Amino acid sequence: MHAIQVSQLGGPEVLDPTDLPDPEPGEGQALVELAAVGVNYIDTYFRTGIYPMPLPFVPGVEGGGTVRAVGPGVTTVAPGDRVAWTNTLGAYATLAVVPETDLVVVPDAVDLETATAVALQGMTAHYLLHDTYPVAPGDDVLVHAGAGGMGLLLCQMARSLGARVIATTSSPEKDALAREAGADETLRYGDDLADRVRALTGGEGVAVVYDGVGASTFDASLASLRIRGVLALYGAASGPVPPVDPQRLNSGGSLYLTRPSLHWHVRTPEMLAARASAVFSAVAAGDLSVRIGGRYALDDAATAHRDLESRRTTGKLLLRP
Ligand code: NDP
């Protein structure tokens, strides 16, 4: 098979196109021929070692394709099934071996590229808006990086739950995309961001901040919350947040801080199936659209990472195996 391999940690240049032996599905596993590969910010954390991994490894935690073979004991998928997954590493490849417990069968109404594009980010947006802080009609909600892969989905889904959505972005072009997706207001980052959020919310602050930017936005996120508001710190695109004094949550107004991750929200096959079904149904019904902001050849994975990390991209990035 053809794959991208990381043999040493570092910048995008360590994403090395290579040929590897075809994998064989073991007990409880399926062999999938990939149709699309999702690029996610977490891939950069694995590549740089923020999330440590034994070397060498094939990166990528989001894929979609067709089952070609199954190992012993597999009961939920069969050759020919169209599937998508997140969680299992190794998607930057033409073939991948995936535990059946990580696979979801893609409904006929959803094409494989779209299914791949929403597998990780769609389910993440779903748990953030329904479980981390269940958004209610009339809530003021702040979404950072509103034109990114996660941001566009959060803006759409929060708006459809009846929230008033305030999004941050770094350019007028990104503002326009966030507004098209459902943001009512767009703001630039900056030292006075929390003041501007308060000005838009009658001085109260927002019910929840969805913050995947991390280090550079954390202080403004806390300062933008209403009394007993929730900071859902779900990523670190600008770098990890330094240790926090819990007393800041008290002085801010009995605030809540959580650092959630998709893994814990799809940790059983039943939870995964329910979450995936909610997202795929929304796509099939036309209630959720995904903007593919870039398609790259598998061998150009390094370019995709460079573009993502330099804030040049909008929406979802995919690799073509
Ligand atoms: P995005 O498409 O959102 O790209 C990152 C965006 O962050 C950029 O486009 C940029 O938007 C903004 N940004 C702000 N500061 C920086 C910076 N210093 N360097 C780079 N980007 C910056 O990426 P994803 O949608 O793939 O991921 C968004 C976040 O969500 C990531 O932190 C990721 O780890 C997290 N995530 C977490 C999950 C979880 O379950 N916890 C699951 C999925 C994703 P702008 O220019 O407008 O500021």
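For the reader, a short list of remarks on this structure follows.
- Segment Asp111-Ile50, extension gain: residue separation times 0.36 nm, minus the distance between their alpha carbons: 18.7 nm
- Residues of the stretch 130-147 with amide N under 19 Å of the 7 Å Cα→Cβ point at Ile227: 139-141
- Residue order, fewest to most beta carbons within 10 Å, for Ser310, Ser170, Ser224: Ser310, Ser170, Ser224
- If R0 is 30 Å, the Cβ-Cβ spacing of Glu13 and His263 corresponds to a FRET efficiency of close to 0.55.
- Axis of helix 269-284 versus longest Cα principal axis of the chain: the two differ by about 80°, to the nearest ten degrees.
- Applied to the stretch 255-260, the Karplus parametrisation 6.51 cos²θ - 1.76 cosθ + 1.60 on θ = phi - 60° returns per-residue 3J(HN,Hα) values of 7, 10, 10, 9, 10, x Hz, with x for Gly and Pro.
- Spin-label model, Ala199 to Asp299: label points 7 Å out along the Cα-to-beta-carbon direction sit 5.2 nm apart.
- Cut-off of 10 Å, at most 16 other beta carbons, DSSP loop: longest stretch of the chain lacking such GluC sites (Glu not before Pro): 28-203
- Local net charge near Gly149, Cβ-Cβ under 10 Å (Lys/Arg +1, Asp/Glu -1): +2
- Of all beta bridges that DSSP places with both ends in the chain, some 55 percent have antiparallel geometry.
- The residues packed around His305, meaning those with a beta-carbon under 14 Å from its beta-carbon, carry a net charge of -3 if Lys and Arg are +1 and Asp and Glu are -1.
- For the stretch 22-27, 3J(HN,Hα) computed residue by residue from phi via the Karplus equation (6.51, -1.76, 1.60; θ = phi - 60°) reads 4, x, 10, x, x, 3 Hz, glycine and proline entered as x.
- Each Lys and Arg contributes +1 and each Asp and Glu -1, all at the Cβ; summed about the Cα centre of the chain, the dipole is approximately 700 debye.
- Average Cα contact separation per residue, the stretch 104-209, under 8 Å, 6 or more apart, as relative contact order %: 24 percent
- Cβ-based exposure ranking for Met157, Met271, in which fewest neighbours within 10 Å come first: Met271, Met157
- With R₀ fixed at 35 Å, the C-beta to C-beta distance from Asp22 to Leu161 puts the FRET efficiency at about 0.20.
- In nm, spacing of pseudo-spin labels at Ala78 and Asp131 (7 Å Cα→C-beta vector): 3.1 nm
- Placing pseudo-labels 7 Å out from each Cα toward the beta carbon at Ser310 and Ala285 gives an inter-label distance of 4.1 nm.
Read-outs: derived from the displayed coordinates by stated rules, not from any lab. From a predicted model like this one, the values you see are computed outputs, not experimental measurements. Cβ atoms come from the backbone with ideal geometry, glycine included; neighbour counts cover every protein chain shown.
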